[in-house]
Each structure stands twice: as C-alpha cells, then as structure tokens.
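Here's the structure, in structure tokens; my notes come after.
The values are calculated or read from the model by the stated rules, or taken from the named source; none is laboratory data. What you are looking at is a predicted structure, and each value in this text was computed from that prediction instead of being measured. Note that we place each Cβ from the backbone using ideal geometry, even for glycine, and neighbour counts take in every protein chain shown. Just the protein is used for accessible areas: all its heavy atoms, side chains included, with ligands, DNA and RNA removed. Shrake-Rupley method; radii C 1.70, N 1.55, O 1.52, S 1.80 Å.
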Amino acid sequence: MRKFLVIAVWGALAAPLVSKAQDFDQVQLRTEALAGSVHAIFGRGGNIGVSAGEDGVFLIDDQFAPLSDKIKAEVAALGAGEVRFIVNTHWHFDHTGGNEVFGGDGALIVAHHNVRERMSVDQFIEAFDREVPASPKIALPVVTFDDGVTFHLNGDDIRVVHVPQAHTDGDAIVYFSAANVIHAGDTVWTSGYPFIDVGSGGSVDGVIAAADLMLELSNGDTQIIPGHGGLTDRAGLTEYRDMLVTVAAAVRRLIDEGKSLEEIQAAKPTASFDEKWGNGSFTPERWVALIYQDLGS
C-alpha cells in the first residue's frame with residue numbers, strides 16, 4: 001500500500017512536467033533584480049539565481065536544456081558576459097537540465113559530491129517506476145565539495161553550504177553575504193507543500209534543519225529565492241519552517257500511536273495549513289503520504 005501511494009505522489013509531481021515537455025517554446029522567462037549584482041530568473045523548473053558583474057556571471061541552477069537559449073538571453077541582458085560558474089543545488093533534472101549546454105560552453109559546474117554521483121549513473125526512482133538515465137559527461141559537476149565552498153566574485157562572498165538529508169542527500173543553499181540574498185534550492189517552496197525526495201536521501205527533519213540554518217543567516221532585510229514559487233523573506237521562511245515542524249510532529253505522533261496512513265490522512269494533520277499550502281503540486285493527502293513514507297520507514 002505504501003509503495004502505491006508514493007507512486008501517486010510522484011505521478012502528481014511528474015505529470016505536469018511530462019505534459020508540458022513539448023511546449024518549451026511558449027515559456028516566458030522573467031528576471032528580477034534583487035540586490036547588488038544578484039538577480040533571480042523565473043521560468044519553468046527550479047528558480048535560477050544569478051550574480052552578474054565585473055567578474056562575470058555566476059549561475060545557480062539552469063532549469064531545462066530546451067530553455068538554455070532563453071536563459072542565455074536573460075543573462076546577456078545583464079551585460080556581464082558569458083556564464084563562468086554554475087552551482088547545482090541538487091541533482092533533479094528541472095535544476096540541472098541546462099548543464100549539458102552551459103558545460104559545453106565552458107562553464108565550470110560545481111555541486112555537492114552526491115549530486116555528481118547521482119548524475120553519473122542511471123537512477124531508478126522506485127516510487128515513480130521511472131529510470132532516469134545518467135547525464136552526459138559534459139553535464140556533470142567538475143568541482144565537488146563536502147561541507148561547502150565560497151566564491152569571491154562581483155564584490156560579494158558567495159557561500160555555498162551543504163544541508164544534509166534535506167530535499168535530497170546533496171542539497172546546497174547559497175548565501176550572498178553582501179547582497180543579503182539566499183538561494184534555498186528545493187529546501188524551500190512557496191508554491192505549495194514541498195516535495196521531499198525520500199528515495200534520494202531527503203527527509204523532513206533535514207528540510208527543517210536547512211530552514212533553521214537559513215534563519216540564522218538571515219535578518220529582516222534578507223531576500224530568499226525558493227526552489228519553486230515566488231520570492232520570500234525571513235518572516236515567510238519562519239512561517240514555512242513552523243508549518244513543517246507542526247505537520248511533522250503531528251504525523252510522528254500518530255505513527256507512534258500505531259495509526260495507519262489512511263487513519264493519519266483522515267485525521268487531517270495539515271488542516272490549518274491547507275488554505276495556504278494545499279494548492280500546489282501536492283494535495284494535503286499526498287503530502288501526508290510523503291511525510292509518512294519518511295517518518296514511518
């Protein structure tokens with residue numbers, strides 16, 4: 001039963017990607033200036049972070065390969081030349097799909113070592129019954145790190161920090177120290193309940209820990225780029241973190257009481273959050289099934 005329900009979750013996530021895979025020509029990208037040299041690019045797939053200045057262009061994630069020319073056009077409009085560096089926040093294809101294009105152009109791709117490991121070999125997602133083929137060599141990160149790495153570019157110290165067992169086992173958040181901007185990758189979603197890829201080593205406790213770290217780094221002026229959805233700030237991150245803590249605690253308590261998944265779903269542990277978070281990729285029932293898979297395994 002658990003496997004069947006998790007397949008449903010993956011289906012809910014993947015169906016929009018599959019159905020829209022043929023209309024990338026219709027995607028309109030939008031670039032928003034944030035602070036200093038930092039911008040965000042919104043399109044399809046994971047939100048992109050950009051630092052564009054005298055030292056060149058630093059990119060965080062690159063969505064899908066068919067969008068690469070459009071991404072290049074948005075970057076070119078910033079007037080800072082070609083992309084020099086790309087940091088992948090994790091391995092999922094809606095964040096790394098453009099690697100093969102930008103890597104072919106000479107950009108240096110950087111990520112946590114688990115990202116390279118997962119991209120280097122075929123990944124079979126049991127919950128989705130889908131095989132994800134290994135990425136071509138040109139798309140793989142060529143510099144990897146364990147705990148983190150810092151770039152000194154465009155008048156900023158850009159800290160890339162690994163957050164363990166969060167959305168996946170290879171997540172990184174990126175903190176622009178001078179600009180006071182954080183790119184959270186898929187550890188933060190503002191478009192609905194977040195996807196936690198338990199099969200790739202993710203966990204709700206790790207996502208909470210990532211939020212705690214970002215709260216330590218941030219202040220009232222910090223701008224936060226989520227993996228999916230619109231920009232948020234420290235207050236929004238606090239609300240998101242508190243939602244995660246409350247739902248995880250409720251599901252854990254019901255598991256400890258011996259409740260089945262169906263009984264936990266019927267108890268509606270997300271009820272007080274559904275109006276804000278329940279209209280995204282995951283219905284409340286499907287999101288509870290995902291948390292149950294994590295905490296009940």
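Worth a mention:
- Counted charge near His167, where neighbours are those whose Cβ lies closer than 10 Å (Asp, Glu -1; Lys, Arg +1): -4
- Annotation: Cα Rg of the stretch 158-228 relative to the compact-globule expectation 2.2 N^0.38 Å equals 1.03.
- Across every direction, the projection of the convex hull enclosing the Cα atoms of the stretch 123-278 has a mean area of 11.2 nm².
- For the chain, complete DSSP H runs whose alpha carbons reach 15 Å or more along their own long axis and whose mean Kyte-Doolittle score is 0.0 or higher are 2-19, 204-217, 234-256.
- Positive-end residue, the chain charge dipole about Cα centroid, Cβ charges, pick of Ser51, Ala73, Val121: Val121
- Apportionment of accessible area to carbon and sulfur, the chain, percent (1.4 Å): 49 percent
- Calculated on the alpha-carbon coordinates, the convex hull of the stretch 225-297 measures out at 91 cubic angstrom per residue.
- Mean separation of Cα contacts under 8 Å, 6 or more apart, over the residue count of the chain: relative contact order %: 15 percent
- Multiplying the residue separation of Val143 and Asp25 by 0.36 nm and subtracting their alpha-carbon distance yields 39.3 nm.
- GluC sites (Glu not before Pro) restricted to the stretch 201-284 and DSSP loop, no more than 15 other C-beta within 10 Å: Glu257
- Residue order for Val245, Val207 - accessible surface, 1.4 angstrom probe, largest first: Val245, Val207
- Evaluated over the chain, the count of Lys pairs having alpha-carbon atoms less than 24 Å apart is 8 (only pairs 8 or more residues apart or interchain).
- Whole-Å distance, taken between Cα centres, linking the stretch 157-194 and the stretch 24-51: 16 Å
- Computed magnitude of the charge dipole of the chain (debye, nearest 20; Cβ of K, R +1, Cβ of D, E -1): 400 debye
- Using 0.36 nm per residue and subtracting the Cα-Cα separation, the extra length available between Ala178 and Ala134 on full extension is 12.2 nm.
- Whole-number D in µm² s⁻¹ for the stretch 62-166, Kirkwood Cα-pair radius fed into Stokes-Einstein, 37 °C, 0.692 mPa s: 224 µm²/s
- Taking only the C-alpha atoms of the chain, Rg followed by Dmax gives 18.5, 59 Å.
- Solvent-accessible area per residue for the stretch 39-180 (1.4 angstrom probe, square angstrom): 38 Å²
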